[in-house]
Amino acid sequence: GAGVSQSPRYKVAKRGQDVALRCDPISGHVSLFWYQQALGQGPEFLTYFQNEAQLDKSGLPSDRFFAERPEGSVSTLKIQRTQQEDSAVYLCASSLDLRISINYGYTFGSGTRLTVV
Amino acid sequence: DQQVKQNSPSLSVQEGRISILNCDYTNSMFDYFLWYKKYPAEGPTFLISISSIKDKNEDGRFTVFLNKSAKHLSLHIVPSQPGDSAVYFCAASAQRSSNTGKLIFGQGTTLQVKP
């Protein structure tokens with residue numbers, strides 16, 4: 001597709017349930033990012049992939065959060081034993097190259113809104 | 001510790017007038033700054049960016065100004081249009097010192113342009 005695609009758009013999980021969020025980046029994009037956006041806040045960095053290599057996972061809030069990109073394309077963010085504080089919009093972004101072009105920036109998907117009840 | 005701050009949660013301007021959105025940062029290692037625009041239920045959309053070696057970048061109705069000594073940047077929209085009504089996020093990156101290019105975002109400013 002032409003843009004970054006995320007699924008599902010909405011997810012309601014019971015507390016303690018495991019969830020998996022999917023990101024399809026723009027074809028050929030090397031860099032892939034996951035961000036978490038709480039209500040009324042800006043996006044916060046979670047993790048970064050360059051192709052299949054996870055180069056930075058410093059933003060993952062706990063070991064319940066796990067991300068993978070096994071073939072350097074589609075990425076999955078998994079949250080185990082979800083808690084209410086995990087409720088947020090999870091955004092995926094991709095970029096052709098690590099270096100931000102002055103005229104390019106990153107392309108974000110529409111996000112997955114996770115609600116933990 | 002909020003490294004990027006947008007101190008105005010909201011801004012309302014009249015159509016045709018100038019909108020000025022402000023952003024402050026604390027980390028002197030930031031060398032790249034971006035503005036994103038976000039409509040409800042959509043992801044942020046890249047608007048304009050500026051490198052720390054410049055103090056101004058212009059793209060049509062949008063101009064970003066960077067004051068490195070004050071660690072302050074601003075986005076000017078002129079003339080403002082009702083379609084500009086959205087949440088605007090300032091973001092910063094430390095490209096030279098980071099191998100990830102991750103963006104640090106501010107909290108956002110909701111702009112309303114009244115017809």
Any chance the stretch B:73-84 includes a residue that's modelled with pLDDT of 95 or more and touching a helix residue (DSSP H, G or I) at 6+ places or on another chain (Cβ under 7 Å)?
yes
Which ranges mark the strands (runs of 3 or more DSSP E) fully within the stretch A:1-45 that have 1 or more residues being closer than 11 Å to residue A:77 by Cβ, open to solvent by less than 50 Å² (accessible area, probe 1.4 Å) and not hydroxyl-bearing (Ser, Thr, Tyr)?
A:5-7, A:19-24, A:31-37
Which numbered condition residue B:75 fails, given (1) away from chain A (no Cβ under 11 Å); (2) closer than 30 Å to residue A:7 by Cβ
(2)
Anything in the stretch B:1-30 that is crowded, with 18+ Cβ neighbours inside 10 Å and of a type in the set (D, E, K, R)? List them, or say none.
B:24
What number of residues within the stretch B:43-73 are under 17 Å from residue B:13 (Cβ atoms), crowded, with 17+ Cβ neighbours inside 10 Å and out of contact with any His (no Cβ under 8 Å at 6 or more places or on another chain)?
1
Which of the following residues is assigned to a loop (DSSP other than H, G, I, E, B) and open to solvent by 60 Å² or more (accessible area, probe 1.4 Å): A:110, A:73, A:58?
A:58
Can you find a residue that is closer than 19 Å to residue A:96 by Cα and free of Cβ contacts under 8 Å to residues at least 12 places away in the same chain anywhere in the stretch B:101-114?
yes
So is residue A:31 at pLDDT below 95 and within 28 Å of residue B:87 (Cβ to Cβ) or not?
yes
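Can you say whether residue B:20 is under 11 Å from the mean Cα position of the chain (by Cα) and modelled with pLDDT of 95 or more, as far as the supplied structure shows?
yes
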Limited to the stretch B:31-42, what total is found for residues that are open to solvent by 10 Å² or more (accessible area, probe 1.4 Å), at the interface with chain A (Cβ under 9 Å from one of its Cβ atoms) and under 19 Å from residue A:6 (Cβ atoms)?
3
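The values are calculated or read from the model by the stated rules, or taken from the named source; none is laboratory data. Remember, it's a predicted structure, so these values are computed and weren't measured experimentally. Quick reminder, even Gly has a Cβ in these numbers, built from the backbone with ideal geometry, and neighbours come from all protein chains shown. Just so you know, the surface numbers come from the protein's heavy atoms only, side chains and all, with ligands and any DNA or RNA stripped out. Shrake-Rupley method; radii C 1.70, N 1.55, O 1.52, S 1.80 Å.
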